[in-house]
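Single-structure report; data block below.
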Amino acid sequence: MDSVHLPALQVVVPLLTAPIVAVLRDARLSWLAAVVTSVMTFVVSVYIVQHVLAGAVLSYQMGGWAAPYGIELRVDSLNALMLLVVSGASTLALLAGRQSLTLQIGEERLPLFMAAWLLALAGLVGILVSGDAFNIFVFMEISSLASYILISGGPDRRALPSVFKYLIAGTLGATFYLIGVGMVYMMTGTLNIADMEARLAGVGDTNVVFVAAGFITIGLALKAAIYPMHAWMPNAYTFAPNIVTAFIAACSTKVALYVLLRMDFFVFQKNLVDHESQFTYLLMPLALLGIVFGSVAAVFERNIKRILAFSSVAQIGYILLGASLISVSGFTAAVLHLFNHALAKSALFLAVAAMGLYFARLRLQVLRGAGRKMPWTFAAFVVAGLSLIGVPGTAGFVSKWALISAALESNLVVPLLVLILGSSLLAIVYIGRIVEHLWFGDATDKAVQIGEAPSWMLAMVWLAVAANIWFGLDSSLPMALAQQSAIDLLRQLP
Amino acid sequence: MIEIIGIFLLCLTVITAIGVVRTTSLFAAVMLMGIFSLLMAAAFILLDAADVALTEAAVGAGISTVLMLSALALTGDRREKPSNRPRVLSLIVVVITAGTIFYATFDKPALGDPKAPIHQHVTPEYFAMTRQLIDIPNVVTAVLASFRGYDTFGEVLVVFTAGIGVLFLLGTGPTTRRRRQLSSARGLKHHQPLRIGGKVVIPFIILFAFYVQFHGEYSPGGGFQAGAIFAAAVILYGLLEGERRGLAVLPPQFLLYMSAGGALLFGGVGVACMLLGGNFLDYNVLANDSVTAQQLGILIIELGVGVTVAGVLLAIYHAFAARGVQ
């Protein structure tokens, strides 16, 4: 099959393998099938990115029906980069995760769990490639339901109440999105995103469209865990199986952020007068509050996964801050940070998952001295941590630098700089606290007995770390896609 | 006249909804939810949305009430736990949200206005294209199964995901369940009139399910509704004859195969279309004559939908029931 089918294959491969994996009896086989499927999905993403880098916008007519009658898949630079993030994070986590999954999920339940994993992956990539507002909702349902299953698999019973909280928040968010889409449909008679934008032209000043934009923004902000709508997130990340956290934390909130940008800029921006002011007066303050709150909360947490989860609240703030600056450099920084933060968090959580092979609870007190016993895992954690902080030579530096440059161009130079640098200092503090306990703490009884993580898992952790360094030294690939996305987004402004 | 009936129905739904919120008896809440769905189904009929009404009645009022009741039977908790949390904040949020939606409706197109955008843009084309290219009377089926078949494929996978979730969470994987001794859940065996009356109805329900399944191209219905109705018949049998005999009809492993098989059948049609040179789910390439090909494609994928929906609903029901007799 030729490259025409790439956008469809991106979704269909994991979506159709999931039912097959679900009926498998053998745990190891189901893991292997999931790995192979995820690798195939990643390869398709790479091909798509190649086409997009060559300047193409891929469009695919599902069922052979032209839009707006049928459903269109549409991939440009913005979603191409996200495809790489999602399928890459899934593949790395699965490759690294066999021991961890067997330990935390159990052999017997693994086939169903792997099927849910593939459904989550298919749901996320399905949202990304879709050019149809209702179709996005359908795949949102698949990815959300499957994510709830993945998180509920955690060995700690507290996973269940936290996943229930996530379910309520996620359902509310999706419902708000659906209400908004329904209202737009009422005024346009179409569900195709490009067609919506064109047909909203005459009715942009009605209450319905105005309210629809609000519902869609709020619903997606809830799903993206934008402060103060992040309450579901820290517990969900903490009590999820360790390998699941490495996958979900890297991409699921970012996909919601992507949909937020897609809908706000490619449906409403041209049709609602002064629509971009919602970024200046609503989302930017929330982004700044999120950066401060997330960083401070991370400093005071005691569980390593919770620290990283609250750090994610702050990182989502960075991405949103970049986008709220409404400039080419701001958008570039936001999209770059989407990519780079996924790299850093995925490496960090994989290192944590390696430690999780020996420790059921990942509290700093318990982990004291563990770093000395597993020096390679610890070193990987430190390097990924440096990327999260934004030290030169790592991927995190590239996007933080881009964010600072964007802030310098804005009219809020001093407060933004103080905030970005201040929160980076806080990142040094919370990563530093982990390092202090892991390396310099007196070894606990448990930590004395452990050894290094299995070599295959270690290799995968280091692969994630290597990506952080690679894209820190040569950021041309994400930079090219981010800049093109920024140009596309800014073209929507008057 | 329609307006009066409509207002009457909507008032009843509001009253029912308030009842659901106010009551502390979980059993009453579940029953009220069933009534709510039935009222909504009637309202959909009023709007000439027969397919939606059938779905709402079969799934909302029928199957989900049964599932909620079996979940309730597991918890053994018949009363809502009183909560100490202040509800004022929730009330404010709900009032603001409702007010916003209300505000939005001020300049929406009037109900039934033929000039409304939804009747002007794609809808007339759907009618024309269905007549010309697919040649089936029910345009809703054409939209769901062909024009937007990819959405329907997604929805089938949503149902499948939900099934996997329940099986995973309740830990009654098929392998363990087979080994487990099912204690003698007796069902309603000692209620002879119910048992006999129920068993007389079951064949007709199943027949109706098949009618809804295969007649969906001509009248309201299709795989989703048929699957739910079929599942209802089997669940009724389980209720009357006890869980053990209910399971003997369709064993759990078979239900898992059904759930996965229906989704695979649907997706398989899509892949076959790709292999034959079309796009995913482009049924035109399935046969020489494109109209026949469209009808063939719709028939097969609707079967896939029905099989998965029935399989998942029964698997969920059995997962609850099997846990109950542990």
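Averaged across orientations, what area in nm² does the convex hull of the alpha carbons in the range A:294-494 project? Could you put the intermediate results ahead of the total?
Working: hull surface 44.1 nm².
Seen from a random direction, the Cα hull of the range A:294-494 projects 11.0 nm² on average.
How about the range A:263-310: which trypsin sites (Lys or Arg not before Pro) there lie in a loop by DSSP and see at most 16 other Cβ atoms within 10 Å?
On the way: sites: A:Lys270, A:Arg302, A:Lys305, A:Arg306; in loops: A:Lys270, A:Arg302.
Filter output for the range A:263-310: A:Arg302.
Can you give me the P(r) profile for the range B:201-326? Cα pairs, bins 10 angstrom wide beginning at 0, each as a whole percent.
Pair shares across the bins are 14, 37, 28, 15, 6, 0.
Which order do the peptides A:18-29, A:88-99 take when ranked by the mean count of other beta-carbon atoms within 10 Å per residue, highest first? If you can, show how the numbers build up before the last one.
Numbers: A:18-29: 19.8, A:88-99: 24.8.
Final packing ranking: A:88-99, A:18-29.
Under the classification rounded if a/c is under 1.5, otherwise prolate if a/b is larger than b/c and oblate if not, where does chain B fall, given a ≥ b ≥ c as square roots of the Cα gyration tensor eigenvalues?
On the way: a/c = 1.83, a/b = 1.11, b/c = 1.64.
Here chain B falls in the oblate category.
Express the C-alpha Rg of the range A:1-149 as a ratio against the empirical globular expectation 2.2 N^0.38 Å, rounded to two decimals. Could the numbers behind the result be given before it?
Numbers: Rg = 15.5 Å, N = 149, 2.2 N^0.38 = 14.7 Å.
Rg over 2.2 N^0.38 Å, computed on Cα atoms: 1.05.
With the cut-off at 24 Å, tell me which of the pairs A:Lys165/B:Lys81; A:Lys270/B:Lys108; A:Lys345/A:Lys446; A:Lys223/A:Lys305; A:Lys254/A:Lys345 have Cα atoms farther apart than that.
Details: A:Lys165/B:Lys81 17 Å; A:Lys270/B:Lys108 20 Å; A:Lys345/A:Lys446 26 Å; A:Lys223/A:Lys305 20 Å; A:Lys254/A:Lys345 12 Å.
Those over the limit are A:Lys345/A:Lys446.
Read phi for every residue in the range B:247-252 and hand back ³J(HN,Hα) as whole Hz from Karplus 6.51 cos²θ - 1.76 cosθ + 1.60, θ = phi - 60°, with x for Gly and Pro.
Per-residue couplings from phi come out as 5, 5, 5, 9, x, x Hz.
Shielding by partners for A:116-125, please: the mean number of other protein chain Cβ atoms within 10 Å of each residue's Cβ. Could you put the intermediate results ahead of the total?
Working: counts 4, 0, 0, 6, 1, 0, 3, 4, 0, 0.
Across the residues of A:116-125, the mean count of other-chain Cβ atoms within 10 Å is 2.
Using θ = phi - 60° and the Karplus relation 6.51 cos²θ - 1.76 cosθ + 1.60, list the HN-Hα couplings for the range B:281-294 in order, rounded to whole Hz, with x at every Gly or Pro.
Residue by residue, the range B:281-294 yields 6, 8, 5, 3, 7, 6, 9, 5, 8, 5, 5, 4, 4, 4 Hz.
Whats the longest run of chain B with zero trypsin sites (Lys or Arg not before Pro) that are DSSP loop and have at most 15 other Cβ atoms within 10 Å? Could the numbers behind the result be given before it?
Working: sites that count: B:Arg78, B:Arg87, B:Lys115, B:Arg180, B:Arg186, B:Lys189.
Longest gap between qualifying sites, sites excluded: B:190-326.
Hey, got a sec? Which trypsin sites (Lys or Arg not before Pro) in the range A:347-376 land in a DSSP loop and have at most 16 other Cβ atoms within 10 Å? Write down the numbers at each step before the final one.
On the way: sites: A:Arg361, A:Arg363, A:Arg368, A:Arg372, A:Lys373; in loops: A:Arg361, A:Arg368.
Answer by residue number: A:Arg361.
With runs of 4+ DSSP H residues as the only contributors, calculate the mean residue ellipticity of chain B at 222 nm using -39,500 (n - 2.57) per run, divided by the residue total and rounded to the nearest 500. Don't skip to the end; give the middle numbers.
Values: 15 runs with 228 residues, N = 326.
Only helices count here, giving -23000 deg cm²/dmol.
Net charge around B:Gly270, counting only other residues with Cβ within less than 15 Å of its Cβ (Lys, Arg = +1; Asp, Glu = -1)?
Numbers: positive: B:Arg148; negative: B:Asp151, B:Glu155, B:Asp282, B:Glu302.
Neighbour charge sum, excluding B:Gly270 itself: -3.
Along each principal axis of its Cα atoms, how long is the protein assembly as shown end to end? Whole angstroms, biggest number first, please.
Taking max minus min along each principal axis of the Cα atoms, the protein assembly as shown gives 76, 65, 60 Å.
For the range B:1-71, state the average projected area of the convex hull of the C-alpha atoms over all orientations, rounded to one decimal in nm². Mind dumping the intermediate values first?
Numbers: hull surface 17.8 nm².
Reported value for the Cα convex hull: 4.5 nm².
Can you give the average number of partner chain beta-carbon atoms within 10 Å of each beta-carbon in peptide A:288-298, as a whole number? Mind showing how you got there, number by number?
Values: counts 0, 0, 0, 0, 0, 0, 0, 0, 0, 0, 0.
Other-chain Cβ atoms within 10 Å of each residue's Cβ, averaged: 0.
Whole percent per 5 Å bin, from 0 to the bin with the longest distance: what is P(r) over all C-alpha pairs of the range B:46-160?
Bins of 5 Å from zero give 2, 8, 9, 12, 13, 16, 15, 10, 7, 5, 3, 1, 0 percent of pairs.
Which of the trypsin sites (Lys or Arg not before Pro) across the range A:429-494 are loop residues per DSSP, with 16 or fewer other Cβ within 10 Å? Write out the running numbers ahead of the final one.
Working: sites: A:Arg433, A:Lys446, A:Arg491; in loops: A:Arg491.
Taking the range A:429-494 and a limit of 16 other Cβ atoms within 10 Å, the loop trypsin sites (Lys or Arg not before Pro) found are A:Arg491.
Every number here is computed from the coordinates shown, using simple stated rules; none is lab data. Everything numeric here is computed off the predicted structure, so don't read it as measured data. A quick note on method: Cβ atoms are made from the backbone with ideal geometry, for glycine too, and the neighbour counts reach across all protein chains shown.
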